[in-house]
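The values are calculated or read from the model by the stated rules, or taken from the named source; none is laboratory data. Worth saying up front: this structure is predicted, and the values here are computed from it rather than measured. Positions of Cβ are backbone-derived with ideal geometry, glycine not excepted, and every protein chain shown enters the neighbour counts.
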Amino acid sequence: MNRIISKSRLSDNVYKMQIEAPLVAQERKAGQFVILMADDEFGERIPLTIADADVEKGTITVIFQTVGATTTKLSRLEPGDSIAALLGPLGRPTSIRGENGEKPGHVVCVGGGIGVAPMHPIAQALKAAGNKVTIIMGARNESLFVMKDEMAAIAGENLILMTDDGSSGRKGLVTEPLKELCEAGAVDEVIAIGPPIMMKFCALATKPYGVKTTVSLNTIMIDGTGMCGGCRVSVGGKTKFVCVDGPEFDGHEVDWDQMLSRMGAFKPQEQAAKEHVCKAGIFK
Amino acid sequence: MTPKEKMAIPPQAMPQQDAAARAHNMNEVALGYTAEMAKTEASRCLQCPTKPCMQGCPVAINIPGFLAKAADGDFAGALDIIKETSLLPAVCGRVCPQEKQCQKFCTMGKLLKDVDKAVAIGRVERFCADLARETGAEKPVACAPKTGKKVAIVGSGPASITCAADCAKAGHDVTVFEAFHRCGGVLVYGIPEFRLPKAIVRHEIESIKQLGVKIEPNFVVGRTRKLKDLIEKDGFDAVFVGTGAGLPKFMNIEGENLNGVFSANEYLTRANLMKAYLEGSADTPFWHGKKVAVLGGGNVAMDASRMALRLGAEKVYLVYRRSEAEMPARKEEVEHAKEEGVEFHMLENAKRVLSDGKGAVRNRGQRIRPRRRHSCGRGRQRVEPAYPDDDRGARDQQARKHRRRSRDEYDINPRRIRRW
C-alpha cells in the first residue's frame, strides 16, 4: 500500500513523488490534500497538497520541500518503498470559476516556490473551464523554479517569472506584476499559493482593487478531519478549521498575523527534530 | 453467607501507585486486584433476584452471575458470562463510570448508604479480563454460520469495536474503516496510557480481528470513498457510523487562538497517539507549559490535567463552571487528579486568554466567578457570573476540554472580572 512509483529531485531540496493510492486518485479534486507519515510508530502527520493524479494508474503526485523531520525522512525513501500512512483526499476542492456559476473571466494564479505544484491542477481546471489564465511564478533564484514547463503549457505567453536576484525573468516580488495587472483593471479573480508571507502580501496587493483573492493555507495539522482544531485560524473574525473548512479561504479575510504566529508555534522543537533526523542520516 | 455477614465484609480498595511517584510516570495508576481481593469483593454481592445492577449496564452484563463465579474463584467462568454481552471487559472495567452505571443501583451500596461502598463490579470485571489475557487463557469466541451479508463500520472507537464484534459473531462479513493510522478511536488518541495501557487496546483489536473483522486504517468514509459507493458499488448491506463527538467546540472567547491554547483532542492526541509522552522519540512536538489551566470537569479534563503534570507542568489548575457534585468525570479520576496535585477551582470560568504580545498565551488569564442558579428542571444546574475571587497564581498554557454540542449553553456576561 502507498508504494512509491517514482521519485525525482526538482531542485536542491524539492522532491516529486508518485505514490500508489488508487482510491485517493479517484476521488481527489483540485485543491485537496493528503496527510502522510514517514513512520507510523513515532512519526508526525503532515499535510501535503495533491499536485496531480492519474486515475488509470491509480497514483497521486506530491511535491515537497525538505523543511522538517518528516519531509527529510520522506526524501530518503526510494521507488518501491512505501509511505507508512497516507490519508485523503481531504479539504474542500477549489471553487473553479466557470464551473461554480460565475462566468469565465481572467484569473491570475500566483505560485511562490513549491506553491506552484498545488497550483498546477487548479490552473489546468481554470483553463478547461474557459478562463483566461495568467500565471505568475516566483522564486529566490532560477534553480528553485519547479514545473515551469507544465505551467508554460497552460499559460502560454501569459507566464510571468519573478526572481529575487533577477537570475530568471524579472527581478522583484510577485506582488509587482500582480498590482500592475490589477491596475490595468482586467483581473476577475486571483489565486495565490505559496509561503504564507507571500500570500499575505498578495492579498494586501489586491485588496484596494477589490479583486477576489483566494489563498490556500497550510497550517499545522494532526488528524486532518476536523477532530483536533490544531489548524484553526481566524477568517473574517470567525474561527475556521483549515482541514475541513479550507484549505482555501478569502485572502482578504484571513488574520495573517495570527496564522503566521500559529505556524511558528513549535518552531524550536521542529528545528531540533529536523537536525536530529539530518544527523542520524549521516550514519545511514 | 447471610446478607448481614456479606455487609460486614470490608469493600476491597484498589491497589495503586503512590501519588507522588505516579504524577511523573506514564505507568498505569490502578494496579488491579489480587485473586484473593477479587474473590472477597465478588463475595459481597447479595445476589438480588431482581438484579438491579443490570439496568445500569448499557450492555446488560449478567452481573450477579459473573460475580457468583468470581466469588467461587472461577474467574474463567466469570469471564465467559461477561463475554456473552461484552467483548471489552479489560477496557470497560477500567474506564466505565461504574458509580453512575451498575454500581449506582447496587443494593449493597444502598444498604451501606454510600455508592462508594457498592460492590466494585468494574474492578472484578477488570481482574477476570486481565487474568485471562496475562495467562493466555482466553477462549476463542464462537461465530454463527456465515450470513453472506457485508457490514461497514465507520470509526474504530469503543462503539465501533463493540458493533463489529457483535456483527461478526452474528456471522456477517465486517470491515472497520478508521481515519487514523491506529485503531481504537478515543481509546488510543484520548485516554492516556496511565489510565488505559495501549497494549490492552491492541489486544482487544486483535481479538476482533480473530473473529474475522477486517480493518482499514487511513480511510475516511465520505472522502476516501463515499458512503454511497460503499453501499452501491462495494456491496455493503449495512453501515454503522460510530464517529464520535466530531469537531471540538471552542468557547468563543478572546485569545483562544493564541499559541498554547489547545482543544483537549489536540493536546491529548499529541501526547498519546502521536507519542509525545515518550520524550525524545516522537517527531510530533508537545507544548510543555509550566502552568496549565484546564477548563472543564469531565474525564477528558482529568486526563488533560494529569497528562500536563506528567509532562512537566509545575502547576495545573482545573477550572470548572459548576460545583464538584456536577462534574461528569468518574469519581476515581477526580480523586486521582487531586491526589496527584491538580488544583481544583470550582464555580469559575475563563473570560478570556491574554496574549504575551508575540502570539502566545501570557502567564495571566482572566476569569470570572459565576453564581449558581437554580436548576431549570432538566440537566445540570446553570450558572451565571457573579463575584470576583482572590488572585491565584498564573498560567502560561491552557489546555481546553472541548465542549460537545449536546451540553447546555451558558452565557458569559460578567459583572466583575478577575485575573488568575
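Checking each residue in the stretch B:268-283 for being modelled with pLDDT of 90 or more and among the polar types (S, T, N, Q) picks out B:Thr269, B:Asn272. Across the stretch A:181-197, the number of residues qualifying as part of a helix (DSSP H, G or I) and either small (Gly, Ala, Ser) or under 16 Å from A:Lys132 (Cβ atoms) (or both) comes to 3.
Take the conditions (1) hydroxyl-bearing (Ser, Thr, Tyr); (2) in a strand (DSSP E or B); (3) within 14 Å of chain B (Cβ to nearest Cβ); A:Thr49 misses just one of them, which is (3). The residue of the stretch A:23-46 that is farthest from the other protein chains (Cβ to nearest Cβ), among those that are of a type in the set (Gly, Ala, Ser) and farther than 19 Å from B:Cys183 by Cβ, is A:Ala30. Would a scan of the stretch A:231-239 turn up a residue that is farther than 21 Å from A:Ile191 by Cβ, within 21 Å of the chain's Cα centre (by Cα), facing chain B (nearest Cβ under 10 Å) and surrounded by 24 or more Cβ atoms within 10 Å (Cβ to Cβ)? Checked the stretch A:231-239: at least one residue is farther than 21 Å from A:Ile191 by Cβ, within 21 Å of the chain's Cα centre (by Cα), facing chain B (nearest Cβ under 10 Å) and surrounded by 24 or more Cβ atoms within 10 Å (Cβ to Cβ). Here B:Glu99 does not fit the description of being part of a loop (DSSP other than H, G, I, E, B), surrounded by fewer than 21 Cβ atoms within 10 Å (Cβ to Cβ), in contact (Cβ under 8 Å) with a residue 24 or more places away in the chain and acidic (Asp, Glu). Scan the stretch B:164-174 for residues that are surrounded by 21 or more Cβ atoms within 10 Å (Cβ to Cβ) and not in a loop (DSSP other than H, G, I, E, B) and the total you get is 5. Between A:Met221, A:Met263, the distinction of being farther than 21 Å from A:Lys29 by Cβ and either at pLDDT 95 or above or within 13 Å of chain B (Cβ to nearest Cβ) (or both) belongs to A:Met263 only. For first residues located in the stretch B:253-280 and within 27 Å of B:Gly184 (Cα to Cα) and without any contact (Cβ under 8 Å) to a residue 60 or more places away in the chain, partners that are of a type in the set (Val, Ile, Thr) and not in a helix (DSSP H, G or I) and lie 6+ apart or on another chain with Cβ distances below 7 Å form the pairs B:Glu266/A:Ile222; B:Arg270/A:Ile222; B:Arg270/B:Thr284; B:Met274/A:Ile222; B:Met274/B:Thr284; B:Ala276/B:Thr284. Of all residues in the stretch A:62-84, those that are within 10 Å of another protein chain (Cβ to nearest Cβ) and within 18 Å of A:Gly115 (Cβ to Cβ) have Cβ atoms under 6 Å from Cβ atoms of residues that are crowded, with 18+ Cβ neighbours inside 10 Å and acidic (Asp, Glu), 6 or more apart or on another chain, in A:Gly68/A:Glu270. Across the stretch A:240-260, the qualifying residues are those that are within 11 Å of another protein chain (Cβ to nearest Cβ) and acidic (Asp, Glu), and the one among them that is nearest to A:Arg92 (Cα to Cα) is A:Asp245. The helices (runs of 4 or more DSSP H) found entirely in the stretch B:204-313 that carry 2 or more residues being within 10 Å of another protein chain (Cβ to nearest Cβ) are B:264-271.
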